[in-house]
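Notes for the one structure printed next.
Coordinate-derived values only; no laboratory data. All of these numbers come straight from a predicted model, not from anything done at the bench. Because the Cβ atoms are built from the backbone with ideal geometry, glycine has one as well, and the counts that use them run over all protein chains shown.
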Amino acid sequence: MKILQKKWVTIPLLWLITFIVWQIGAWIYGPDIIPGPIATWQGAQELLSDGSLMQYIGISFYRVFAGWALGSLLAIPIGLTIGKVTAIRVFAEPFLNFVRFIPPIAFITLFLVWFGIGEQSKIALIMYATLFIVIINTLTGVLAIEEDRIRSARSMGASEWQILLHVVIPATTPYIFTGIRLAMGTSYMAIIGAEMIAANEGVGFLIWNSRLYFRTDWIFVGLISLGLMGFLTDRIVGWLGSKLLFRYGVINTTALRRR
């Protein structure tokens, strides 16, 4: 109870200090360089009044969600296959460790050439940003399974398919879920780069286009919107995981911090 009471005091205090420091920075450097909280709020009202802000947020969220979901659905069976089949892992693991260090933004030009300037290139970029994170986490989960559990299942007559369904996947689920949550953050970083370079809608476009009008308040609005989008989606995914996958050891870290 005392911890909760302290949180109700310290969290608003931290936000108050943040706003004060932010405003002091605006006074020192001027609103053209660092717009203060009030100027940023006024800029947000401008963008909200004509509906552009919510439209950009919706478009960016659609791109992130589509690429993230498709990438995760594709990555999970690939990671399970690489983890289970040694022959495939010998060849695939060096390739994964090579490609995963190439950032998604480096592929923007190629994806524009391959998929065009439409939605396909943005969604493909998000899929790339998601794919390797989820594959590697899934692979790590498969390799972390104790061999005794698999031997016990085999000794009781379980087939390889039954071992996969009843031993490997349940044991790997926490790793898969961690990879999915991490990939969500990478997806937001990737889509902003794509929208800055090759888009006429989205939060990344808003941030990039605002420089033409020297509207740093709109840039701050875009940055805050991104933070809120990422925060809310991460909390929703974490809550759903703790409710739907609790039996597999997936827990909501936010709920643990409140205890």
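Numbers for the structure displayed
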{"read-out": "Projected label distance in nm at E160 and Q42, using a 7 Å step from Cα toward the beta-carbon", "value": "6.8 nm"}
{"read-out": "Options A129, F61, Y175, ranked by Cα towards positive dipole end of the chain, top entry (Cβ charges)", "value": "Y175"}
{"read-out": "Karplus 3J(HN,Hα) series, Hz, for segment 128-139 with 6.51 cos²θ - 1.76 cosθ + 1.60 (x for Gly, Pro)", "value": "4, 5, 7, 3, 6, 5, 5, 4, 5, 5, 5, 4"}
{"read-out": "Cα pair distances in the chain, grouped into 5 Å bins until the bin that holds the longest one, percent each", "value": "1, 6, 10, 13, 13, 13, 13, 11, 8, 5, 4, 2, 1, 0, 0"}
{"read-out": "Neighbour-count order for I224, I163, fewest beta carbons within 10 angstrom listed first", "value": "I224, I163"}
{"read-out": "Angle in degrees between helix 37-49 and the longest Cα principal axis of the chain, rounded to the nearest 10", "value": "80 degrees"}
{"read-out": "For F107, F65, order by how many other beta-carbon atoms lie within 10 Å, fewest first", "value": "F65, F107"}
{"read-out": "Cα long-axis angle, helix 2-29 against the chain (0 to 90 degrees, to the nearest 10)", "value": "50 degrees"}
{"read-out": "Student exercise, segment 3-126 dipole from Lys, Arg, Asp, Glu Cβ charges, in Debye to nearest 20", "value": "600 debye"}
{"read-out": "Kirkwood Rh and Cα Rg combined as Rg over Rh, evaluated for segment 98-167", "value": "1.26"}
{"read-out": "Kirkwood hydrodynamic radius (C-alpha pairs) into Stokes-Einstein, segment 114-235, 4 °C and 1.567 mPa s, D in µm²/s", "value": "76 µm²/s"}
{"read-out": "Relative packing of peptides 66-72, 227-233, 10-16 - highest average C-beta neighbours within 10 Å first", "value": "66-72, 227-233, 10-16"}
{"read-out": "Ascending count of other beta-carbon atoms within 10 Å, so fewest first, for V142, V64", "value": "V142, V64"}
{"read-out": "Dipole moment magnitude, nearest 20 debye, segment 111-245 about Cα centre, only Lys, Arg, Asp, Glu C-beta charged", "value": "140 debye"}
{"read-out": "Among L164, G43, P77 - extreme Cα towards positive end, dipole of the chain, charges at beta-carbon", "value": "L164"}
{"read-out": "Total charge dipole magnitude, the chain, about the Cα centre, Cβ charges on Lys, Arg, Asp, Glu only, Debye to nearest 20", "value": "1040 debye"}
